[in-house]
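To keep things clear, I will list the structure first and then write my remarks on it.
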Amino acid sequence: MATIDPILFGDNQFFGVNHMSEEKARQQLMKFKDTAAIVEVLDQAFDMGIRTFMCTTHDRIGEICDHMRAHRERYKDFVYFPCMPYAHKYANSVSQVGVMETIQRFSTGGVVSTVLRGAVGTFNRDIYALMKLLVDSEMKRFQGLNTPVIFVQNVVTDLLLGLKLYPVFAEFHSYLKERYDAEAGFITMNLPLLLDALAAVGVENPIVCANINKIGFRMSGGVDAYRDVLQTRKCRAIAMSVLASGAIPPKEAIDWVCGLPGVQSIVFGASSPGNIRQTQELIQRAWAR
Amino acid sequence: MGLRVGIIGTGKMGLSHFSIVNAMPDTAVVAVCDTSRYVLSVLSKYVGVETFTSHEEMIDKANLDALIVATPSSTHFEYARYALERGVHLFVEKPLTLSPSESGSLSKLALERKRVNQVGFHNRFIGTFQEAQRLIRAGALGTVSNIHGSAFGQVVIKEQNRTWRAKRSEGGGCLHDYASHVIDLMNFLVGPPKQVQGASLQTIFSQDVEDAVSAVFSYENGAAGILETNWSDETYRKMSTTVTVHGTKGKLVVDRQELKVYLREGTAFEGYAEGWNSRYITSLQKPVGFYLRGEEYSAQIEAFLQAIRAGNASPENSFASAYETDRVVDLILKASA
């Protein structure tokens, strides 16, 4: 079973994702225009003892992975939790060329490899074969790196959840084990519903990652329902958006989440050594109590 | 007995609506209609929903309470009319139709048949925009003199878009498909303009449709408006919509995340002080029962289903309101000719 550190480092700040301000998102995009600037912040986090990078399979993640592979000794203890897919890449592509061509564009090697793997006959009706192709395509750039947990992003988790395509969760889970010796993680904005769905298809003690914050921001079902499932259901829960994009002061936000039974880890993003250290210390102090 | 919902069109919006509707209590998507047999076969096999390739057949046979139309805009009128004539409550993706007269006749038909009618202008369900509207209506900005609405994003950034959005005959183009969102939002905030004084539709990468729309509006009370949209701007990760409103007492700048309000001396309003104030989506957005891709997508469906259950025929974004948006779109087309 994968070990999950109590503190994980996120990547929204590197790729212009900011839920509070578009201006701030743009400033961050400019600041992290060069991959070297991202690596510098990762180095700072690493030097402070944070080992795990939870990263979207954004186009630029490949460059970061290249750097890590080129300096294998320095990063030998570094752990990656890829989160797939980078949904905007697909959504923008669907807007431009449609669904079918998008699938061809992003499955490993396009049509050629699909034919070679004999998937084409069943391709039309087998969404599991399609899921595997897309996973392989997204995982290519992590080759040779340590990826013990692989997440599916909330937009896909929650789409499947609404469609009630629960068996896909189980297939994803078993495919990762078989092909990558990795565990599946599920990011969601609907944790209580997701835990029911995973239980229904036999994914036990799942790794889940959800917004968990004092003001209930993007916690569908409400804070009380989250508190209840975290306490009563067996799962490994990672809290994200703990500060609710800055709406809650850091100490208050972190003390609240760390006091919640059932939360095992916190993922956060920061762009400066000062902020990384401050957040890390707040979490460590809160959990030491 | 739960509500039985059908969906025509299983593209990006259709699938998103499918997931949201299906996650709501006492509601289920029971039938879908599309021309793509690939998507239908997947939905039939894995989701177990009844599938159709003809909208008439689905509406006649599936015993629907409500229908969601999420197909290329040029088809909306035909599908919507057929459904309304058979007494089905109706949610149609934006824009309602490509002509104000068609939108007007659908609105009339929906009222006659007392069917809930709603259009997917989801910005009206975003907390920051709702708060901006509340402030303007309450007179916090005084008399409105200017409004500026803009949207930028990357829908067409190469000369190779092959979807319906790049075909004029199917209702593609930045004006109907993109600018309509901003026009509707400006209407939501300050009401529809009386006239379009000038407009320009520009092609940047597309062959058949415009990629940028600029227009100048004038309002009944003498206020002026500027619309600026460009869907060939790759500096934005996703569609980014901003509205600025100037009034005699202050001004506001609002996007989907943040509402900034400036109030002049002596005009503090409720919790808003003189000078600059910021409010964020984190405190302005009402929670939804199921979240997929922004509260607004769920909130609009919740409002639609709630209106059906309550027997209220005119929720936010009624056909009558969407008609006003289509009317402005038409004025822009005429002004740019």
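Taken together, the values in this text are just the output of simple stated rules run on the coordinates, not laboratory data. If you're wondering where the values come from, they're calculated on a predicted model, not measured in any experiment. Methodologically, a virtual Cβ is constructed for each residue, glycine included, from the backbone with ideal geometry; neighbour enumeration extends over all protein chains shown.
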Discussion item. Let me check I've understood the local charge: for B:Ala199, count other residues with C-beta under 13 angstrom from its C-beta, Lys and Arg +1, Asp and Glu -1. What total comes out?
Written reply: -2
Discussion item. What whole-number distance in Å separates the alpha-carbon centres of segment A:52-88 and segment B:138-161?
Written reply: 36 Å
Item to complete: Net charge near B:Glu131: determine it from the other residues with C-beta under 14 Å of the C-beta of B:Glu131, scoring Lys and Arg +1 and Asp and Glu -1.
Response: +2
Worksheet item: Other chains near B:281-292: what is the mean number of their Cβ atoms within 10 Å of each residue's Cβ?
Response: 6
Response to the item:
Given unit charges at Cβ for Lys, Arg (+) and Asp, Glu (-), the dipole magnitude of segment A:7-288 about its Cα centre in debye, nearest 20, is 100 debye
Practice prompt. Return the subset of B:Lys167/B:Lys238; A:Lys140/A:Lys177; A:Lys164/B:Lys12; B:Lys61/B:Lys167; B:Lys12/B:Lys167 for which the Cα-Cα distance in this structure is over 23 Å, preserving the input order.
Written response: B:Lys61/B:Lys167
Worksheet, complete the sentence: Between B:Glu210 and residues 5 or more places away or on another chain, the pairs with built amide H atoms under 5 Å apart involve B:Cys174, B:Leu175
Worksheet, complete the sentence: Extension length gain for A:His71 and A:Asp34 (0.36 nm per residue less Cα distance), in nm, is 11.5 nm
Worksheet item: Quick one: helix B:100-112 against the long Cα principal axis of chain B, what's the angle to the nearest 10°, folded into 0 to 90?
Response: 70 degrees
Fill in: Folded to 0 to 90 degrees: helix B:76-85 orientation relative to chain B principal axis, Cα
60 degrees
Worksheet item: Of all DSSP beta bridges located in the protein assembly as shown, what percent are antiparallel, nearest 5?
Response: 40 percent
Worksheet item: Let a ≥ b ≥ c be the square roots of the eigenvalues of the Cα gyration tensor of chain B; is it rounded (a/c under 1.5), or, if not, prolate (a/b larger than b/c) or oblate?
Response: prolate
Discussion item. If you take each beta carbon of peptide A:139-152 and count the beta carbons of other chains within 10 angstrom, what is the mean?
Written reply: 0
Item to complete: Any chance you could count the Lys pairs in segment A:1-93 whose alpha carbons are under 24 Å apart, treating pairs 8 or more apart or on different chains as valid?
Response: 4
Worksheet item: Around B:Phe91, with a cut-off of 13 angstrom between Cβ atoms, what is the net charge of the other residues, counting Lys and Arg +1 and Asp and Glu -1?
Response: -2
Worksheet item: Using the per-residue mean of other Cβ atoms lying within 10 Å as a proxy for protection, in what order, highest first, do the peptides A:21-33, B:94-106 fall?
Response: B:94-106, A:21-33
Worksheet entry | Number of partner chain Cβ atoms within 10 Å, mean per residue of B:17-29 | 3
Worksheet entry | Folded to 0 to 90 degrees: helix B:295-310 orientation relative to chain B principal axis, Cα | 60 degrees
Discussion item. Using Cβ contacts closer than 10 Å as the measure, can you line up A:Arg289, A:Arg51 from fewest to most?
Written reply: A:Arg289, A:Arg51
Worksheet item: Applying 1/(1 + (r/R0)^6) with R0 = 35 Å to the Cβ-Cβ distance of B:Lys158 and A:Asn275, what FRET efficiency is obtained, to the nearest 0.05?
Response: 0.40
Item to complete: Using Cα positions and a limit of under 16 Å, work out the aspartates and glutamates in reach of A:Lys214, with same-chain residues fewer than 8 apart set aside.
Response: A:Asp224, A:Asp228, A:Glu252, A:Asp255
Discussion item. I need the peptides B:247-258, B:9-20 ranked by packing, meaning the mean over residues of other C-beta atoms within 10 angstrom, with the highest value on top.
Written reply: B:9-20, B:247-258
Worksheet, complete the sentence: Among the Cα-Cα pairs of segment B:149-274, the proportion with separation greater than 23 Å, in percent, is 40 percent
Worksheet item: Which value, in debye to the nearest 20, describes the size of the charge dipole of the protein assembly as shown about its Cα centre when Lys and Arg Cβ atoms bear +1, Asp and Glu Cβ atoms bear -1, and nothing else is charged?
Response: 440 debye
Worksheet item: What is the order of B:Arg124, A:Arg60, A:Arg277, fewest Cβ neighbours within 10 Å to most?
Response: A:Arg277, A:Arg60, B:Arg124
Worksheet entry | Cβ-Cβ FRET estimate between A:Gln231 and B:Thr143, R0 fixed at 56 Å, reported to 0.05 | 0.55
Worksheet item: Among all the aspartates and glutamates, which ones have a C-alpha under 20 Å from B:Lys108's C-alpha, if same-chain residues fewer than 8 places away are not counted?
Response: B:Asp65, B:Glu78, B:Glu85, B:Glu93, B:Asp184, B:Glu316, B:Glu324, B:Asp326, B:Asp330
Item to complete: Please name which of B:Leu111, B:Thr282, B:Ser41 has its Cα lying farthest along the dipole of chain B towards the positive end, using unit charges on Cβ (Lys, Arg +1; Asp, Glu -1) and the Cα centre as origin.
Response: B:Thr282
Worksheet, complete the sentence: Counted neighbours (other Cβ, 10 Å), sorted fewest up, put B:His89, A:His58 in the order A:His58, B:His89
Worksheet entry | Protection-proxy order for peptides A:69-78, A:34-43, B:140-149, each taking the mean of Cβ atoms within 10 Å per residue, highest first | B:140-149, A:34-43, A:69-78
